[in-house]
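Rule-based calculations on the coordinates, nothing more; no lab input. Keep in mind it's a predicted model, so treat the numbers as computed, not measured. Backbone-built Cβ (ideal geometry, glycine too); neighbour counts: all protein chains shown.
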Amino acid sequence: MFDKETDPNGRLVHALDLADFDPKSRYEIIFETGRYWQQLGESHPQITEEIVLRFAMPSPSARYHIPFIISPNSYTTWWSQPE
C-alpha cells in the first residue's frame with residue numbers, strides 16, 4: 001500500500017482512506033529495524049532484522065493509532081481504541 005520512513009522525530013504518519021477496502025482485510029507493517037540500527041551506528045549485534053505487526057482495521061471511518069517503540073534490546077507496541 002505504501003513505503004515510508006519515519007520523520008526526524010521517529011513518527012510514521014500516514015492516512016489511508018479505508019472506504020474502498022474490505023473491512024475484513026488484514027494489514028501488516030514491516031519495520032526494518034536492522035537497517036535502522038545500522039544507520040544509527042549501533043555497535044551491539046542486532047538479532048532482529050524486521051519486526052512485523054499484523055492487524056485489522058474493521059471500521060472504514062475510524063482513526064487507528066498503533067504506537068511502536070524500539071530500543072536496542074526490545075520493542076513494544078499497543079493500540080488505542082479506534083476514534
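From (1) out of contact with any Ser or Thr (no Cβ under 7 Å at 6 or more places or on another chain); (2) surrounded by fewer than 12 Cβ atoms within 10 Å (Cβ to Cβ), pick out the condition that doesn't hold for residue 37.
For residue 37, the failing item is (2).
Identify all residues within the stretch 16-34 that are surrounded by 13 or more Cβ atoms within 10 Å (Cβ to Cβ) and not acidic (Asp, Glu); write none if there are none.
Matches in the stretch 16-34: 16, 18, 21, 27, 29, 31, 33, 34.
Hey, among 69, 47, which residue is surrounded by fewer than 10 Cβ atoms within 10 Å (Cβ to Cβ) and either in contact (Cβ under 8 Å) with a residue 12 or more places away in the chain or not charged (D, E, K, R) (or both)?
Within the list 69, 47, the selection yields 47.
Could you run through the stretch 43-80 and say how many residues are out of contact with any Lys or Arg (no Cβ under 9 Å at 6 or more places or on another chain) and more than 20 Å from residue 11 (Cβ to Cβ)?
10
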